[in-house]
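Here the structure comes first, spelled out in structure tokens, and everything after it is commentary.
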Amino acid sequence: MTCEYRPVLCAALLCLSATTAWAGQPTPVPLRIEIMPRAVGQGQGNLDIRLTFSRFPSQSPDAPVLALPLIDSNVDSMAPDIRALKAVDGAGAVQLAAGTGDMPEESDRDSEIGGPSMLWRANRSISGPLTITYTVPAHATRPPRGPAPPIGFYEADGATSGAASMILPLPLHAGPYSVTLQWKGTDKSGTARHVTSLGAASDRLPVIMTRADLYTTYMMSGRISTWIPTGPDHDFTGAWQGTPGFDAASLMHWASDLHEHYKIFFGQTAAQPYTVFLRYNPINAGGGVGLYHSFVETYGAGAGSDPDELRLTLAHEMFHTFSPYITRPTGLLSSWFGEGLAVFYQAALPLRFHQIPAELFLRSLNFAAARYYTNIFKTLPNSRIPDLFWKDTRVRTLPYDRGMLYFATVDDEMRRATHGRQSLDTLVLAMLKRSQAGQALSNEDWADLLRQTLGEESVRRFRAFLDGAEPVPASGAFGPCFARYTTTLRRYELGFEPAVLAEPHRVVRGLIPHSAAEQAGIRNGDIITVPVPQDQIQGEQNMKLTLKIRRNGQVFNIAYLPRGEAVEVYQWRKITTAPGTVCALE
């Protein structure tokens, strides 16, 4: 896989009237968002934005009127670059003073929002409707500090794209909001298009959503290409910026078919827009991020132009849109569940739906298994993951790989205990049912289902897994066509302090003597001038790491194989089966 995943997900998209409230929830705050792109696409464009709250949410007198996180998932927002911000309410002009402060962190499925933020405070109480106008430069988002999702605004190829968390200051009110979004103006040629993850009807049909949902809304505007299916899945839209080195329309067709299969698997009957966005990424091509009813995938060289890798990435993130999420505990403490499930199903379901061959399923399985079993932190307790997640790729990939292997053991246990009548699917859909009933899911919900179906011993193994126990699926856990074997692979070893690559100013320290990095010529004090993704290379035994180094005023590249000691690991191979054998586990 090629993703630097961002664990983010979204509540169901409901196109309701502005006066409709969620069951048991306050009446939504009406919010109209108007965006006017000006000369975007050439590195100097602006977005003029108007926010209209026809009823401003009530809040404490000392609370800021607006807030926008300064950093979202290791990406600097445009908050410091917002210009000409003005506010007018029912009593006239409102003076807003900008400052910074820490906002409470809120759970957004297995991610979090909040923390250091730009705050705008008013000189008086807000009276009646409030209108906010401001301008943001479409190109102003700073480069990622290190591993990060493609949410920063990116201006190129006659278009711009990015997440709302980069540009949308909002009240601290968590929601619900009743949101309409309208694009204003067009380019002189009349060829500009505008696509957001709210769906095409959001300019006239309000979407009921939370503040967290709003921040994970994605938008793409300008001279972009779009793909809309002609088949039964009219919820799906594809959009891309630039010119990929593969057939983007064919990839979108495949994704639309998969989306329809997912809807059936999860029992979704209501209309629910889903959009796949593609944009160029020179650093981590092939990576992506799941956002509000959408997935943003990046293309470029290497894996970023491999349709098979892109399909697996799409399958992973699209799964997130439908699946249940544990939110207690919040954030990365629960990423083992959402990300582990997504890795388990990203190839298993497309294989079941006859959309990928068994060989691609095997490639996905062995990549995750190799990356996990060679990981020196493979038994790190789940409780340690949040503190180290953005500092070390070996920790960042644990929820994905260890979670997948754990779920494979549960799936096999379920099939054996019920003689094939039930599987992991049964437990996942039961968790989803609890979530749809309005229950905030916790680890105890998962333990409760295990206890009901597999007994207390299965709960004990689950607790041990959270404490860092190594999951080892049985040889036949992935179906009749695959068998486990043992081989020797080398551990990933960067060769110096891993946190360096996650910092905005990357200066090498903690160089390991006799490591491949030292032998290649890396020295303490070297400045790494370009961010480097590692999640993919960590799983590729023979892929070299190339660092652009500045030393004593000179800039040059150093490439080396970031590998250390050899260890025994588990892999699976395809075995000879009887003619007509179905490899997929139904």
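The values are calculated or read from the model by the stated rules, or taken from the named source; none is laboratory data. Computed from a predicted model, the values in this text were never measured in an experiment. Cβ atoms come from the backbone with ideal geometry, glycine included; neighbour counts cover every protein chain shown. Protein only, heavy atoms only, side chains kept; ligands, DNA and RNA dropped before computing areas. Shrake-Rupley method; radii C 1.70, N 1.55, O 1.52, S 1.80 Å.
For the reader, a short list of remarks on this structure follows.
- Using the average count of surrounding beta-carbon atoms within 10 Å as a protection proxy, the listed peptides 496-507, 377-388 rank, highest first, as 496-507, 377-388.
- Long-range amide H partners of ALA156 with built H, under 5 Å: GLY41
- Ranked by solvent-accessible area (1.4 Å probe, protein heavy atoms only, all chains present), the residues ASP235, ASP411 order from largest to smallest as ASP235, ASP411.
- Of the peptides 402-409, 544-551, the ranking by mean beta-carbon count within 10 Å, highest at the top, reads 402-409, 544-551.
- Whole-Hz ³J(HN,Hα) from phi, Karplus 6.51 cos²θ - 1.76 cosθ + 1.60, for region 438-454, glycine and proline x: x, 8, 7, 6, 9, 4, 5, 5, 5, 4, 5, 5, 4, 4, 5, 9, 10
- Surface analysis of region 242-397 yields an accessible area of 29 Å² per residue, using protein heavy atoms and a 1.4 Å probe.
- Using the 1.4 Å probe convention, the accessible area of region 482-572 works out to 48 Å² per residue with neighbouring protein chains retained.
- Net length available on complete extension from GLN182 to THR426 is 83.7 nm, with 0.36 nm assigned per residue and the Cα-Cα distance removed.
- Dipole check for region 476-547: with +1 at the C-beta of Lys and Arg, -1 at the C-beta of Asp and Glu, and the Cα centre as origin, the magnitude is about 180 Debye.
- Phi angles of region 314-325 translate, via the Karplus equation with coefficients 6.51, -1.76, 1.60 and θ = phi - 60°, into HN-Hα couplings of 4, 4, 4, 6, 5, 4, 4, 5, 9, 6, x, 9 Hz per residue; Gly and Pro are given as x.
- PHE295 long-range amide H proximity, modeled H, under 5 Å: THR275, VAL276, PHE277
- Oblate is the label for region 321-409, because the ratio a/c of its alpha-carbon gyration tensor axes (a ≥ b ≥ c) is 1.5 or higher and a/b is not greater than b/c.
- Exposure rank, largest accessible area first [LYS391, LYS184, LYS86; 1.4 Å]: LYS86, LYS391, LYS184
- Across the accessible surface of the chain, with the other protein chains kept in place and a 1.4 Å probe, carbon and sulfur atoms take up 51 percent.
- FRET E, pair PHE556, GLN44, Förster distance 45 Å, beta-carbon r, rounded to 0.05: 0.90
- Gap separating the Cα centres of region 58-92 and region 356-421, nearest whole Å: 40
- Calculated from backbone phi, Karplus (6.51, -1.76, 1.60) coupling profile of region 538-544 in Hz, x at Gly/Pro: 4, x, 10, 4, 10, 8, 7
- Label sites at ARG451 and ASP467, each approximated as a point 7 angstrom past Cα along Cα to Cβ, lie 1.8 nm apart.
- Between 0 and 90°, nearest 10: helix 456-466 axis offset from the chain longest Cα axis: 70
- Coarse-grained scattering of region 513-578 at q = 0.14, 0.27 Å⁻¹, given as base-10 log I(q)/I(0) from a Debye sum over alpha-carbon atoms: -0.54, -1.30
- Residues with amide H under 5 Å from that of ILE326, placed H, sequence gap 5 or more: GLY338
- ARG124 - accessible surface, heavy atoms, 1.4 Å probe, Å² rounded to 10: 80
- Label of the coordinate-derived value, P(r) over Cα pairs in 10 Å bins from 0, in percent, listed as (1) 3, 17, 27, 27, 17, 7, 1, 0; (2) 3, 15, 24, 25, 18, 10, 4, 1, 0, 0; (3) 3, 11, 13, 13, 11, 10, 10, 8, 7, 6, 4, 3, 1, 0: (1)
- Magnitude of the charge dipole for the chain, about its Cα centre and with charges confined to Cβ atoms of Lys, Arg (+1) and Asp, Glu (-1), is about 600 debye.
- Rounded accessible area of VAL179 (nearest 10 Å², 1.4 Å probe): 0
- TYR325 sits with roughly 10 Å² accessible to a 1.4 Å probe, with DNA, RNA and ligands left out of the calculation.
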